[in-house]
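A short write-up of the structure that comes next.
The values are calculated or read from the model by the stated rules, or taken from the named source; none is laboratory data. Everything quoted here is computed from the prediction, not taken from an experiment. Methodologically, a virtual Cβ is constructed for each residue, glycine included, from the backbone with ideal geometry; neighbour enumeration extends over all protein chains shown. Side chains are part of the model used for accessible areas, which takes the heavy atoms of the whole protein and leaves out ligands, DNA and RNA. Shrake-Rupley method; radii C 1.70, N 1.55, O 1.52, S 1.80 Å.
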Amino acid sequence: MVGSPFADTTVRVLDAKGRTLPFGVVGEIYFAGKGVARRYLNQPELSTQRFVCIGGQRLYRTGDLGRLHDDGNLEILGRSDFQVQLRGMRIELTGIEAVIRGVARQCAVIASGADYDVRLVAFVVEPRADVRRELAAQLPDYMVPQTVIELDALPLTPNGKLDRKRLQELAAPRSAGGQPESRLELAVAEAYSQVLGLRDVGADDDFFALGGHSLSAVLLLEALQEWLGVRVSPGTLFEHTTVRSLAAALEHEPCSDAARPVLLNQSPEAPALFLLLGVHLYRELARELEGQYAVYGVYADSELALIADSEHVPSIAAFARDYLDAIRKQQPQGPYRVGGMSFGGLVAYEVAQQLRAAGEEVELLAMFDAVLPMTRWQKLMRLAGMSRRQRVAATMRRLQPYADFLKYQDDAQLGSIEQRRQLAYARSARRYLREIRPYDGAVTLVVSGERLRRDPLADARCGFGALVPALRVHTLRREHLALVESAGAGELLLADLRMVTGRRCVPPALTLVRTGA
């Protein structure tokens, strides 16, 4: 914490597009006032970068990251040059490098990929231990680089500085090998290449290992339909992720439109846990529950229809029927365990209601930051109990209603798809307020502590306090989008499942993020 600005100095915290950010939200720090110089002497390019005019005010761009608190104090968090945004979490690369230097002679960590979809890559020289294992023991899971590359020496520029451009080239995904052979394999490889922006894709390359995710999967399915004239279901893609296996599936198997659960770990004989509206989103959670529960991701075709037409949105009850059909094909009878992230949590809530209405037992309902929208009356009541400064912060926060839920908003193509999806979710959730019923079964709710901290209007029980008497709330100090993508949530589920079933669950050894309010 630095403190509040001098009387003749203005401090602003802005996003990448020069927009003022609400209290508590991290952005770049700008200064204005009498102490700001006109320019750098004899450095016109640097002057243009650092001295800018926004909204008629002349500002100095510091390059430092920070946030303004609602008491007027400024907190500085480090340089923007060495911080990246990864799955909703802001990460300082120098902090990771400091840990690696304890087990290697030299190191460098970079963020590879576009700034809206990055992965961490560590380069090490003469490591003395397993770098990823050492990092996992000392850092949160989301800060552990996905790739560690060993070099004889770090590349340097002619003037002796670290050559980060060369590191980016070394970090670029490499083909897993095997040239596409058949016409179908060539077409699938070309579709992968176009959607992911890669030059060479081999027959054994995995779409998701190359950086694919649920939204880019939508683009891939559209490309395959356009080029091959075949409608590919999401389940086919999620089960056959390499070029070779997907081409074989398209050639030898019928492309069924029916949704089907996709097993995400290696525990098919264990009790099943069905997680809705996502597949690869839940990979880390499935790993945590390995040996205890068979974790299935379920992604129905109705989700694609929603993205295509966000104006005519199915009700949550209709979504739930689609997902329930898929679940019962895998498991015809209870007891059931269902869950979902964000909007998927609302659908899981309704799936549990429909199962219980059919006389089935629901052993556990798990929701990850699933938020019921507030009514206007609820918002007014919460605002009435706030200070003037808190009300201003809450109003500014509401000007960016989906900031916590958007991951690819800066990408021209994926951003529009993501925004359509979130708008459709919001419409469906508001309609559900008129239909939702109380639930008297066991419910685990995992909430983003970072979202609660930044949003003065946020409800710690996400709107379910009056609906679920047996609600167990766990708060993780993590961004919304990182709740199920890094370790910790599985441990909470195991504890709650043990409580409601009496079944002995032995959690695997994990690096956990501390829980707390």
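Return yes when R461 is out of contact with any strand residue (DSSP E or B) (no Cβ under 9 Å at 6 or more places or on another chain), open to solvent by 10 Å² or more (accessible area, probe 1.4 Å) and closer than 21 Å to K379 by Cβ and no when it is not. No, not satisfied.
Among the residues of segment 455-480, those identified as over 18 Å from V347 (Cα atoms) and outside any strand (DSSP E or B) are D455, P456, L457, A458, D459, A460, A466, P469, A470, R477, R478, E479. Among residues of segment 333-372 being of a type in the set (G, A, S) and open to solvent by 10 Å² or more (accessible area, probe 1.4 Å), the one that is nearest to Y282 (Cα to Cα) is S342. Screening segment 138-229 for helices (runs of 4 or more DSSP H) wholly inside it with 3 or more residues that are under 27 Å from V125 (Cβ atoms) and charged (D, E, K, R) returns the ranges 164-171. Number of residues in segment 27-52 that are in contact with a helix residue (DSSP H, G or I) (Cβ under 8 Å, 6 or more places away or on another chain) and either free of Cβ contacts under 8 Å to residues at least 12 places away in the same chain or open to solvent by 50 Å² or more (accessible area, probe 1.4 Å) (or both): the value is 2. Taking the condition of a type in the set (V, I, T), under 20 Å from L215 (Cα atoms) and modelled with pLDDT under 90, does V347 pass? No, not satisfied. Could you list all residues from segment 4-49 that are at pLDDT 80 or above and of a type in the set (K, R)? Selection gives R12, R19. For segment 53-75, a residue qualifies if it is surrounded by 15 or more Cβ atoms within 10 Å (Cβ to Cβ) and assigned to a strand (DSSP E or B), and the qualifying residues are I54, L59, Y60, R61, T62, D64, L65, G66, R67, L68, L74, E75.
Residues in segment 442-450: is at least one in a loop (DSSP other than H, G, I, E, B), modelled with pLDDT of 80 or more and either closer than 26 Å to G385 by Cα or touching a helix residue (DSSP H, G or I) at 6+ places or on another chain (Cβ under 6 Å) (or both)? Within segment 442-450, one or more residues are in a loop (DSSP other than H, G, I, E, B), modelled with pLDDT of 80 or more and either closer than 26 Å to G385 by Cα or touching a helix residue (DSSP H, G or I) at 6+ places or on another chain (Cβ under 6 Å) (or both). Cβ-Cβ distances below 9 Å connect the following pairs, each with a first residue in segment 367-382 that is at positive phi, a second residue that is open to solvent by less than 70 Å² (accessible area, probe 1.4 Å) and polar (S, T, N, Q), and a separation of six or more residues or different chains: D369/S342; D369/S448. Scanning segment 230-248 for residues that are modelled with pLDDT under 85 and either closer than 25 Å to F368 by Cα or in a helix (DSSP H, G or I) (or both) yields P234, G235, T236, L237, F238, E239. Residue-level analysis places G66 among those that are closer than 26 Å to G95 by Cβ and modelled with pLDDT of 75 or more. When L224, L228 are screened for being crowded, with 22+ Cβ neighbours inside 10 Å and more than 19 Å from L277 (Cα to Cα), only L224 passes.
Being among the β-branched types (V, I, T), within 30 Å of S302 (Cα to Cα) and modelled with pLDDT of 80 or more: is that true of T157 here? It is false that T157 is among the β-branched types (V, I, T), within 30 Å of S302 (Cα to Cα) and modelled with pLDDT of 80 or more.
Looking only at segment 207-241, filter to residues that are within 19 Å of P261 (Cα to Cα) and charged (D, E, K, R); which one of those is farthest from the chain's Cα centre (by Cα)? Taking the candidates together, the pick is R231. Taking the criterion of being assigned to a helix (DSSP H, G or I) and touching a strand residue (DSSP E or B) at 6+ places or on another chain (Cβ under 8 Å), would at least one residue in segment 353-369 satisfy it? The answer is yes, given that some residue of segment 353-369 is assigned to a helix (DSSP H, G or I) and touching a strand residue (DSSP E or B) at 6+ places or on another chain (Cβ under 8 Å).
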